[in-house]
Amino acid sequence: MALFDELSPELAPFARDLVYAADLARLQPQVTSTRRTHSQQARLYRGYLANPQRAYPVAPPGYSSHEYGEAFDMVVTPMEALADVGYTWQQWGGGWNPDDAVHFELPGASERAKQRGREQENKSPFLVELASSLPFGLPLSLVLDFLGIPASARKSVTPEQEQYLRALAVRSGLR
């Protein structure tokens, strides 16, 4: 299944096997989410904050195991059978919690995601890191102009943009 290709290699084969087992049990499994981008997670989280009565919790962006390819969400019919599917997943060594019954993950994935989220909060923004690595006296605005980054886009940088900018800075000899 191509939808599991974005999951970590440690998770993907077991996710496929769980879906296959649920299908054999005639539970009509449907995977509703695998890896999410930071912006996808942010959108889901904003929706959760707007409606906290939602059926399932949503982690803040940066704190979700979905962002790291270590989790997937799946529903079955009837939904009451999720407890059995979750039990099977736990017996196979996976992480599952009835409070978020659609969520299946690698063992310890939620804890690792929380740690990664805390590390990102404590990390200097990329533009600050870039500025501190520049030769003395070279203004950051000049470098950003050289890289083609308009002033309006310099205030908030997504993780995907940061990754691109880091690679561009290396290729340009700035890091």
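Read-outs throughout are calculated quantities, based only on the coordinates presented, and are distinct from any laboratory measurement. The shown structure was predicted, so the numbers you read here are calculated from the model rather than taken from an experiment. Note that we place each Cβ from the backbone using ideal geometry, even for glycine, and neighbour counts take in every protein chain shown.
Points to keep in mind about this one:
- Per-residue Cβ neighbour counts within 10 Å put Met79, Met74 in the sequence Met79, Met74, beginning with the fewest.
- The 3J(HN,Hα) values that the Karplus relation (6.51, -1.76, 1.60; θ = phi - 60°) gives for the range 23-31 are, in residue order, 5, 4, 7, 6, 9, 6, x, 9, 7 Hz. Gly and Pro appear as x.
- Footprinting exposure proxy for His38, His103 (fewest neighbouring C-beta atoms within 10 Å first): His38, His103
- Hz values of 3J(HN,Hα) by residue in the range 57-63 - Karplus curve (6.51, -1.76, 1.60), Gly and Pro given as x: x, 10, 6, x, x, x, 10
- Potential lengthening between Tyr56 and Trp92 on full extension [0.36 nm per residue; Cα-Cα distance subtracted]: 10.6 nm
- Residue order for Arg54, Arg36, fewest other beta carbons within 10 angstrom first, comes to Arg54, Arg36.
- Gain upon complete extension [Arg46, Glu160; 0.36 nm per residue less C-alpha separation]: 39.1 nm
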